[in-house]
Amino acid sequence: MRVDELRTDRLRLRRWQPDDEPAMATINRHPDVGRYLNRPVDEASVNAFYGVIVDHWETHGFGPWAVEHEGEFVGFAGPAHVPPFLAEAGPAPELGWRLHPDVWGLGLATEAATAARDDAFERLELPEIISIIHPQNTRSQRVATKLGLTRHRQIHNPALGISTDIWLGRA
Ligand SMILES: CC(C)(COP(=O)(O)OP(=O)(O)OC[C@H]1O[C@@H](n2cnc3c(N)ncnc32)[C@H](O)[C@@H]1OP(=O)(O)O)[C@@H](O)C(=O)NCCC(=O)NCCS
């Protein structure tokens, strides 16, 4: 069944639209946002980001949701296949989340990711999801814990040259 949006108390999770591209680029360029991502942020990856997400939706029929709070685009939350350089983390799709720092600490990441998780388990019928979380990303670890994910194993992240954590959640 095709679904174009999910609603929570404070959020609308929806498909992407063209004016999300510059707003997401601003988020991706923010130094606090890039600190613990799976690979260093550069202009090429910022510019490619929107196209990669839209392609994922078109190819797989699901992907990270655009998240709106009080009518404003604030970031994304939702499932995506793991990128090829981290294939070892798969094959389960990754549930990811990334919001503008202006709205951190309000519980919005947890609220968005909870709705995306429920949709992934119930409608998409994914038996498992993972999250790839930098060992120092305590904010993200708290979100994962509140979602019921547990730290499962470690893999080598060749883009950062470190071991990184794979968190696992089962339907
Ligand atoms: C990871 C990230 C999304 C987390 O954002 P966040 O604002 O810290 O997370 P939440 O919105 O869920 O907020 C959680 C905190 O808000 C508090 N909070 C405030 N109001 C709340 C409410 N109404 N409901 C729930 N929690 C609320 C919670 O107590 C919680 O604090 P705690 O973790 O100490 O319990 C954000 O830091 C981010 O975008 N980082 C950059 C990208 C990134 O690293 N992504 C993850 C890669 S693995």
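Applying the selection to the range 145-158, what residues are touching a residue at least 60 places away in the same chain (Cβ under 8 Å) and surrounded by 14 or more Cβ atoms within 10 Å (Cβ to Cβ)?
Selection gives I155, N157.
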Review point. Here is a list of conditions, (1) out of contact with any strand residue (DSSP E or B) (no Cβ under 9 Å at 6 or more places or on another chain); (2) surrounded by fewer than 18 Cβ atoms within 10 Å (Cβ to Cβ), and Y50 meets all of them except one; can you say which number that is?
Key: (2)
Point to revise | Criterion (touching a residue at least 24 places away in the same chain (Cβ under 8 Å), more than 15 Å from A23 (Cα to Cα) and of a type in the set (F, W, Y)) met by exactly one of F85, F76 | key: F85
Point to revise | A89 within 13 Å of the ligand (Cβ to nearest atom), at pLDDT 95 or above and either small (G, A, S) or within 20 Å of R14 (Cα to Cα) (or both) | key: yes
Check your understanding: For the range 17-32, how many residues meet the condition of being farther than 16 Å from H69 by Cβ and of a type outside the set (S, T, N, Q)?
Key -> 8
Point to revise | Count of residues meeting criterion [under 22 Å from S131 (Cα atoms), surrounded by fewer than 24 Cβ atoms within 10 Å (Cβ to Cβ) and of a type in the set (G, A, S)] in the range 67-85 | key: 1
Review point. Mind checking which pairs have a first residue in the range 91-119 that is closer than 15 Å to M24 by Cα and a second that is of a type in the set (S, T, Y) and part of a strand (DSSP E or B), Cβ under 9 Å, 6 or more apart or different chains?
Key: G96/S131; W97/S131
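Conditions tested, residue by residue: (1) under 15 Å from the mean Cα position of the chain (by Cα); (2) within 12 Å of the ligand (Cβ to nearest atom); (3) not small (G, A, S).
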residue	(1), (2), (3)
Y50	yes, no, yes
E70	no, no, yes
F76	yes, yes, yes
F85	no, no, yes
D102	no, yes, yes
L108	yes, yes, yes
T114	yes, yes, yes
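Determine which member of the set I166, I133, I155, I162 is at pLDDT 95 or above and within 8 Å of the ligand (Cβ to nearest atom).
Exactly one residue qualifies, and that residue is I133.
The values are calculated or read from the model by the stated rules, or taken from the named source; none is laboratory data. All values reported here derive from a predicted model rather than from experimental measurement. A quick note on method: Cβ atoms are made from the backbone with ideal geometry, for glycine too, and the neighbour counts reach across all protein chains shown.
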